[in-house]
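The values are calculated or read from the model by the stated rules, or taken from the named source; none is laboratory data. Keep in mind the model is a prediction, meaning the values are calculated, not measured. Here the Cβ positions follow ideal geometry from the backbone for every residue, glycine too, while neighbour counts run over all protein chains shown. Heavy atoms of the whole protein, side chains included, go into the accessibility calculation; ligands, DNA and RNA do not. Shrake-Rupley method; radii C 1.70, N 1.55, O 1.52, S 1.80 Å.
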Amino acid sequence: MLLYGGVDGGGSGSRFIILKEDGSIFAESIGECTNQWLVGIDKALENIETMWKKAFGNVGMTALKLKGLGLSLSGTEAAHIKEEILQKMQTKYSHVSEKTVAANDSCGAVLTAFENGGVVIIAGSGSNCQLVCSDLQQVGCGGWGHLLGDEGGAYSIAHRLIKILFDDLDCLQECPHDTSTAMKLVWDFFGVSNQMDMLQFYYTKFEKAHIAGLAKVMAEKATGDPLLLSCFTWAGRQYARQLMGVLTRYRKERGVRYSSPDSDVDVVCMGRVFDSWELLQKGLYD
């Protein structure tokens, strides 16, 4: 039996799917981070091997060598990084698959959704916007991590709320909305009761994924709360800016429009933040 594998890998978590020759799903598993910028290439590949074993274990089997494996991983934009991943898959992890190909998570998303290329907006713990052409050439906007970008990702949504609350408490920038619900939500989420106790989560105990987790709780409580809603509206605007940015960058670099004015641009959105689409769409469409 010939089996093929695919990995959708990100910073918050990853998914491994094993397919039969006819394209039907044979087995799958969920695993840990495979973004090499966060855990390193060696740990990322170790996590992929663990998911491979787990997927077969989920159907009561010992792991079998795959005919082919496609890796769609965040953090693999640079050619030398892909080369190192493939080299290590051929040597240390040759028991996993006969052949492995690697691309970033943007490429995998667009190729899954469209036949002739398109744009993907990714919003997980971080964010990214990539235009993938039919020849697989890519143009990007954003995706530089939480210190340099990632606007619209879960971390940035959570961080925006925390900064608004801090500025309001400091009388630096008065919040135009009532802050009581949001303040209680943040204090309860982190198990603290004041600004000073929050600092540990940005310094000695900093975990991007943990702070990003606040966005999920925000989404659950956002309906009817103007402050929480404003954070998601802001996120929607960031996706619109990224979409316009990537199309502008394409035009500047290639000297031509990506599409004619009367032609639609195919866009696919992926990532857990888009589970809250109802909260995001106003900012995106405005």
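For segment 113-133, backbone nitrogen atoms closer than 20 Å to the point 7 Å from Lys252 Cα along Cα-to-C-beta are found at 119-121, 128-133.
Counting only protein heavy atoms and a probe of 1.4 Å, the accessible surface of the chain is 52% carbon and sulfur.
Residues of segment 161-179 with an amide N closer than 14 Å to a point placed 7 Å from the Cα of Lys282 along the Cα-to-Cβ direction: 177-178. For segment 1-49, the list of chymotrypsin sites (Phe, Trp or Tyr not before Pro) that fall in a loop by DSSP and count at most 15 other C-beta atoms within 10 angstrom is empty. The trypsin sites (Lys or Arg not before Pro) of segment 187-218 that DSSP puts in a loop, and whose beta carbon has at most 13 other beta carbons within 10 Å, are Lys205. Per residue, segment 27-105 exposes 49 Å² of accessible surface when a 1.4 Å probe is rolled over the protein heavy atoms with every protein chain present. If you run the Gaussian network model on the chain, springs between alpha carbon atoms under 10 Å, then out of Val120, Val256, Val268 the most flexible one is Val256. Approximating the spin labels as points 7 Å out from Cα along Cα→Cβ, the Val101-to-Asp135 distance works out to 1.8 nm. A straight chain from Gln173 to Leu147 at 0.36 nm per residue would run longer than the Cα-Cα distance by 7.2 nm. Extension gain for Val192-Ile30 works out to 55.2 nm (0.36 nm per residue, less the C-alpha to C-alpha distance). Derived from the Cα gyration tensor, the three semi-axes of the equivalent ellipsoid of the chain are 35, 25, 16 Å, largest first. Taking a Cβ cut-off of under 14 Å around Tyr155, the surrounding Lys, Arg, Asp and Glu residues balance to a net charge of +2, with basic ones at +1 and acidic ones at -1.
Taking a point 7 Å out from the Cα of Asp266 in the direction of its Cβ, the residues of segment 122-160 whose backbone N falls within less than 11 Å of it are 132-134. Considering only Val192, Val119, Val101, the mean-square fluctuation computed in a Gaussian network model of the chain, springs between alpha carbons under 10 angstrom, is largest for Val192. Among DSSP beta bridges lying fully in the chain, give the percent that are antiparallel, nearest 5. Looking only at bridges with both residues in the chain, the antiparallel portion is about 60 percent.
Computed about the Cα centre, the dipole magnitude for the chain is approximately 600 debye when only Lys and Arg (+1) and Asp and Glu (-1) carry charge, each at its Cβ.
Of the residues Gly126, Gly117, Gly23, the one that moves most in a GNM of the chain with alpha-carbon contacts below 10 Å is Gly23.
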